[in-house]
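The values are calculated or read from the model by the stated rules, or taken from the named source; none is laboratory data. Just so it is clear, the structure is predicted and the values come from calculations on it, not from any experiment. Every residue, glycine as well, gets a Cβ built from its backbone with ideal geometry; the counts of neighbours run over all protein chains shown. With ligands, DNA and RNA removed, areas are computed over all heavy atoms of the protein, side chains included. Shrake-Rupley method; radii C 1.70, N 1.55, O 1.52, S 1.80 Å.
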Amino acid sequence: MAPPEFPFPRDHDYQPPSLNQTLRHECPATKVKLYDGSESWLFVKHKDICQALSSEHLSADRRTPGYPEIHGSGHKAKEAHPTFVNLDNPEHNKQRNMLEDAFTPGAIEKLKPMIQQTVNHVIDDFVKKYQEQNSPIDLIEELATPIPTQIIYRVLGVPDKDIPRLSQDSAVRTGTSRTAAEQSNQNLQDYMASLVDTRIEKPEDDMISKLASEQYRNGRLSRDDIIQISFMILTAGNAALINSIGLGVLTLLQHPDQLDELKKNSSLAPQAVNELLRYNTTSALNSRRAVLSDAQIDGVTVHKGESVICSVQSGDRDEDKTEKPESFDIHRKYSREDVLGFGYGPHRCLGEALSRAELKAVFATLFQKAPGLKLAVKFEELEFSDPKQNAGVTKLPVTL
Ligand code: HEM
């Protein structure tokens with residue numbers, strides 16, 4: 001049989017492709033065909049994904065021969081000098097360690113008041129805008145996008161007065177017009193460069209200042225490194241967070257009994273978030289690697305120069321790991337590390353604790369402030385992201 005084309009089409013709405021499930025049962029290590037005609041291994045079982053993503057035989061460096069790209073734009077990234085996201089050890093650890101302090105659960109604990117305040121403000125504005133316009137409001141544009149965007153700006157140390165202007169650039173950067181997106185991308189890069197210069201001169205209490213005073217002064221990072229890392233942090237998880245909020249709201253609306261429980265008891269928010277992260281896996285297409293040297297995964301030998309895609313979305317629905325994985329149940333008891341949506345192994349998401357704190361604040365607050373929130377259109381009318389992109393809903397018109 002010819003290898004199927006990857007990414008797979010979705011069978012309906014935002015649910016993972018049914019081919020994932022077929023492969024988990026019949027062919028957990030298989031070859032797939034990519035957009036450029038090249039072939040890659042695809043692993044779909046939770047245990048195989050964990051094994052692959054912790055293997056030193058596999059490389060996250062996009063310049064390694066065989067690294068699987070799923071769009072033409074990915075090849076551009078091969079030309080750029082990578083951050084640790086796309087470096088292997090020891091360079092990966094060296095750079096990641098410089099940032100890790102800022103993202104530990106303890107560090108995120110200190111950010112919680114700012115996170116909650118941002119969530120409160122954005123939700124209050126959202127409710128007010130709805131009441132003023134008295135017609136359906138798009139939850140993606142007015143709530144799911146501003147929350148993570150404003151929070152990451154504040155983490156980096158962008159002054160509040162600049163946030164509205166930069167938020168516009170963040171939105172245009174991911175929009176449909178290529179020329180406008182390139183311009184906004186450039187605006188953001190220029191802004192980050194000037195902010196880094198300001199913080200090198202006069203550090204304050206934020207992430208860029210910390211990099212400037214700890215790593216720049218002792219020569220471990222150059223000015224350009226700090227600009228590049230700051231920009232990466234700004235953009236790394238924003239889309240995944242927007243999609244996690246949008247799909248999370250939708251999934252809860254589709255499960256009204258569980259939503260009622262959450263409304264009555266907002267302390268259920270952390271476990272609801274854990275289950276939403278597993279159920280929706282908005283990073284469906286992340287976690288790809290090139291093979292540096294021959295390795296055995298699930299009894300299959302992957303050879304040097306070949307490529308490997310780990311379907312974390314499929315791993316999060318693996319029947320051998322989760323009972324009745326197709327059903328959404330906020331009462332499941334399992335460890336946070338079992339969720340593969342943040343990846344696994346040395347490259348597991350650096351922004352995990354921050355993302356969980358944001359999502360927890362959103363899902364504990366939104367339905368308290370807007371208990372009557374419901375879809376303004378039929379479910380069948382909703383538009384979801386292109387299956388060649390990560391999972392998301394593009395617009396979510398609601399009434400309150
Ligand atoms: C729901 C939100 C998020 C999801 C689902 C998500 C998902 C992921 C996944 C799957 C990986 C691993 C990629 C791989 O194995 O190649 C990853 C890595 C990473 N994420 Fe996130 N992410 C989220 C939010 C964030 C945020 C908010 C930030 C920034 C503050 C962030 C920063 C990073 C970084 C820097 C890495 C690379 C870590 C490394 O290579 O050591 N992520 N993320």
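Laid out as a table, the results:
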item	result
Qualifying residues in region 21-62 (those that are basic (K, R) and open to solvent by 70 Å² or more (accessible area, probe 1.4 Å)) - the one farthest from C349 (Cα to Cα)	K33
Qualifying positions in region 21-46 - within 16 Å of the ligand (Cβ to nearest atom) and not in a loop (DSSP other than H, G, I, E, B)	S40, W41, L42, F43, H46
Region 214-239 residues that are aromatic (F, W, Y), paired with ones that are away from the ligand (no atom under 11 Å from the Cβ) (beta carbon under 8 Å, 6 or more apart)	Y216/I200; Y216/S222; Y216/R223; Y216/I226; F231/L188; F231/Q189; F231/M192
Single residue of L359, L373 found to be modelled with pLDDT of 95 or more and either away from the ligand (no atom under 16 Å from the Cβ) or open to solvent by 40 Å² or more (accessible area, probe 1.4 Å) (or both)	L373
Residue in region 236-254 that is over 18 Å from A353 (Cα atoms), away from the ligand (no atom under 11 Å from the Cβ), buried (at least 23 other Cβ atoms within 10 Å of the Cβ) and among the polar types (S, T, N, Q) present	no
Elements of type helices (runs of 4 or more DSSP H) contained in region 252-359, each with 1 or more residues being over 22 Å from F8 (Cα atoms)	256-264, 269-280
Residue ID - modelled with the highest pLDDT, chosen from residues in region 265-302 that are open to solvent by 50 Å² or more (accessible area, probe 1.4 Å) and touching a helix residue (DSSP H, G or I) at 6+ places or on another chain (Cβ under 7 Å)	P270
Test for L382: is it modelled with pLDDT of 95 or more, closer than 30 Å to S73 by Cβ and open to solvent by less than 30 Å² (accessible area, probe 1.4 Å)	yes
Meets criteria (closer than 30 Å to A370 by Cα, open to solvent by 20 Å² or more (accessible area, probe 1.4 Å), away from the ligand (no atom under 14 Å from the Cβ) and out of contact with any strand residue (DSSP E or B) (no Cβ under 9 Å at 6 or more places or on another chain)) for D160	yes
Residue match in region 338-356 (condition: away from the ligand (no atom under 11 Å from the Cβ) and among the polar types (S, T, N, Q))	no
Residue match in region 186-199 (condition: away from the ligand (no atom under 16 Å from the Cβ) and in a loop (DSSP other than H, G, I, E, B))	no
